[in-house]
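Participant: Questions regarding the structure given below will be posed in turn.
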2 protein chains.
Amino acid sequence: MGSYFDIAKQAAVLKNIPAPEVEVIMQKSLIRSVERGASIYIQGEGAHSLFVVLKGWVKTYRVTPCGNEAVVGIFTENGCFGEEAALRDHSYVTGAEAVSDAMLLQIDGLYFAQAIESDLALCQAALSGSMDQNRALVQHVEQLKSHTGAQRIADFLLSLCKSQTGSCTVILPYDKVLIAAWLGMKPESLSRAFRRLKPYGVSIQKDHAIIESIERLSEYADEDPAESWSTQQRSETL
Amino acid sequence: MGSYFDIAKQAAVLKNIPAPEVEVIMQKSLIRSVERGASIYIQGEGAHSLFVVLKGWVKTYRVTPCGNEAVVGIFTENGCFGEEAALRDHSYVTGAEAVSDAMLLQIDGLYFAQAIESDLALCQAALSGSMDQNRALVQHVEQLKSHTGAQRIADFLLSLCKSQTGSCTVILPYDKVLIAAWLGMKPESLSRAFRRLKPYGVSIQKDHAIIESIERLSEYADEDPAESWSTQQRSETL
């Protein structure tokens, strides 16, 4: 299974499990190709499988009582979702949908739950994985509460950069409406926020973002939002 | 330990464990009284203990690089925090502080981690607890992304009501600055948002919120935010 194995091995629920056990799990799992826009599971459905992304992008989302959608997770290579299936009789907290053509490892939930019930190391690995997800969610809540929209975009662009210094061109991995939803913004605020990043050396050309200086953008992302607003207003009136 | 035992037994990390085991854990733990404003642990510190709230209120928070604080969790009776301590060599993702005088069950992390390493049922219970926390965080992210400020307050007030119908008076359990921080709003937006709830039968008197009709407020909380804004504007221009 070559490189798919290497990717799956890095997933939060599998990374603390010895390689031979991961191999067994993969042999008992499906590798599925899904098209962009395909529904993987829906919110409230009995959690039958957990998934690792091998290629492409997947979003998880909640449908609000009035029918709106809130994007609560975006996953790419080695990202893990649907862990509810690791415990018996759980249902999915979110829905999941492919946002690009994607390859997924689909691990049978019942098999995984049974394995956990008899294997302490696997259970600990799953616990560790679940705590990693917790940490990521806590950091996302922090970002939503403490950063301006433009700073959240700066964070998002920085997360796509491979290096920590210098200039960088990144490909925006999914459409702008989805980026806005993920960052908790309206699509029209996203365009405004992209413009606000211009003075900090960011330009957008179609689905590319060109970052002149990663250091400068990082500094901006970490600024006090109060300062960030006043700086913006200054630069906008200049 | 009487009623403290009953409260602790409901905590996410303990609720799936047989009562005699919970008793053993409690015997090996401290019951601590902390004053309002007391720091319980700080972000980045080695995770030495996990905690269950027995009485009072605790917040967990992240300090951003510029020194601002983002409240990421608020816990009361049987709420559990600091679960990072259930795994060896983890550090606290957040800081924790008492926001009222409080009583806490402080479970030694090393003891709990060792217990998990030899007890599959306990490990599964901790996994289940961690997934509960995940679910709560996902729901909070949903709320932050899909609801207006006034709707988030409506949700918050409804979460304090004991019944699902009729009228209700609730005591606001901590100060308004903290409520605003928790709901991802500025304190000044909170006052505006409270005023927006007036047409929906909510009035605030000091630290009390009087809700005329829980059904009416629930309906408002679940409305499409787009509709909610236009209704607000209509009612404001009337």
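Participant: Which of B:LEU178, B:LEU122, B:LEU160 ends up with the largest GNM mean-square fluctuation for chain B, with Cα atoms connected below 10 Å?
Facilitator: Residue with maximal mean-square fluctuation among B:LEU178, B:LEU122, B:LEU160: B:LEU160.
Participant: How much net charge surrounds B:ARG32 when only other residues with a Cβ under 13 Å from its Cβ are counted (Lys, Arg +1; Asp, Glu -1)? The partial results should precede the final answer.
Facilitator: Working: positive: B:LYS55; negative: B:GLU35, B:ASP101, B:ASP108.
Here the count lands on -2.
Participant: Sticking with this structure for a sec: Kindly tabulate the residues in segment B:88-127 with an accessible-area decrease of at least 40 Å² between the chain alone and the assembly of all protein chains, using a probe of 1.4 Å.
Facilitator: Hits at the 40 Å² cut-off: B:VAL93, B:GLU117, B:LEU120, B:CYS123, B:GLN124, B:LEU127.
Participant: In addition: What is the distance in Å between the Cα centres of segment A:17-47 and segment A:151-214?
Facilitator: 30 Å
Participant: Considering all projection directions equally, how large on average is the shadow of the alpha-carbon convex hull of segment B:2-144, in square nanometres?
Facilitator: Average projection, Cα convex hull of segment B:2-144: 8.4 nm².
Participant: Oh, and also: In nm, what does the list of distances from B:GLY166 to its counterparts in the other copies look like, shortest first, when each label sits 7 Å along Cα to Cβ?
Facilitator: 6.9
Participant: If you put a point 7 Å past Cα along the Cβ direction, how far is that point for A:PRO20 from the same point in each other copy, in nm, smallest first?
Facilitator: Taking the point 7 Å beyond Cα along Cα→Cβ, the inter-copy spacings are 3.6 nm.
Participant: Inside 10 Å of the C-beta atoms of B:12-25, what's the mean count of C-beta atoms belonging to other chains? Don't skip to the end; give the middle numbers.
Facilitator: Details: counts 0, 0, 0, 0, 1, 0, 0, 0, 0, 0, 0, 0, 0, 0.
Per residue, the number of nearby Cβ atoms from other chains is 0 on average.
Participant: Among the lysines, which have Cα under 20 Å from the Cα of A:LYS198 when same-chain residues fewer than 8 positions away are ignored?
Facilitator: Answer for A:LYS198, where 20 Å is the Cα cut-off: A:LYS176, A:LYS186, A:LYS206, listed by chain and number.
Participant: Then there is this: Let me check the size of segment A:1-77 from its C-alpha atoms; what are the radius of gyration and Dmax in Å?
Facilitator: 14.4, 47
Participant: For a quick protection proxy, order the peptides A:210-217, B:45-52 by their average other-Cβ count within 10 Å, most packed first.
Facilitator: Working: A:210-217: 17.2, B:45-52: 20.2.
Order by mean packing, descending: B:45-52, A:210-217.
Participant: Just subtract the alpha-carbon distance of A:ARG32 and A:GLN205 from 0.36 nm times their residue separation and send over the number in nm, one decimal. Walk me through the intermediate numbers first.
Facilitator: Values: separation 173, 0.36 × 173 = 62.28 nm, distance 3.30 nm.
Full extension from A:ARG32 to A:GLN205 adds 59.0 nm.
Participant: Can you compute 3J(HN,Hα) from phi for each residue in segment A:129-135, using the Karplus curve 6.51 cos²θ - 1.76 cosθ + 1.60 with θ = phi - 60°, rounded to whole Hz and x for Gly and Pro?
Facilitator: Once θ is set to phi - 60°, the couplings for segment A:129-135 become x, 5, 5, 4, 5, 4, 4 Hz.
Participant: With every protein chain kept in place and ligands, DNA and RNA left out, what is the accessible area per residue of chain A? Probe 1.4 Å, answer in Å².
Facilitator: On the way: 10590 Å² over 238 residues.
With the other protein chains kept in place, chain A gives 44 Å² per residue.
Participant: Taking the 0 to 90 degree range and rounding to the nearest ten, how far is the long axis of helix B:149-160 tilted relative to the main principal axis of chain B, both from C-alpha atoms?
Facilitator: 50 degrees
Participant: Assume the label is 7 Å from Cα along Cα to beta carbon: what separations in nm does A:LYS186 have to the matching positions in the other copies?
Facilitator: 1.8
Participant: On a 0 to 90° scale, report how tilted helix B:109-118 is relative to the longest principal axis of chain B, with both axes built from alpha carbons and the result rounded to the nearest 10.
Facilitator: For helix B:109-118, the angle is close to 70 degrees.
Participant: Can you give the local net charge around A:GLN133? Use residues other than it whose beta-carbon is closer than 12 angstrom to its beta-carbon, Lys and Arg +1, Asp and Glu -1.
Facilitator: Numbers: positive: A:ARG135, B:ARG135; negative: A:GLU83, A:GLU84, A:ASP132.
Every neighbour counted, the sum reads -1.
Participant: Over the Cα atoms of segment A:147-237, what is the Rg over Rh ratio if Rh follows Kirkwood? Spell out each step's value before the answer.
Facilitator: Values: Rg = 12.1 Å, Rh = 13.1 Å.
Rg divided by Rh gives 0.93.
Participant: Defining a contact as two alpha carbons under 8 Å apart and six or more residues distant in sequence, what relative contact order in percent does segment B:2-144 show? Please list the in-between numbers first.
Facilitator: Working: 289 pairs, mean separation 47.5, N = 143.
Over segment B:2-144, the number comes to 33 percent.
Participant: What full-extension length gain, to one decimal in nm, is calculated for A:THR76 and A:GLN43 as 0.36 nm per residue of separation minus the Cα-Cα distance? Could the numbers behind the result be given before it?
Facilitator: Details: separation 33, 0.36 × 33 = 11.88 nm, distance 2.00 nm.
Once the chain is fully extended between A:THR76 and A:GLN43, it gains 9.9 nm.
The values are calculated or read from the model by the stated rules, or taken from the named source; none is laboratory data. Since the model is a prediction, treat every value here as computed from it, not as a measurement. Ideal geometry is used to build each Cβ from the backbone, glycine not excepted, and the neighbour counts take in all protein chains shown. Please note that ligands, DNA and RNA were not included when accessible areas were found on the heavy atoms of the full protein model with its side chains. Shrake-Rupley method; radii C 1.70, N 1.55, O 1.52, S 1.80 Å.
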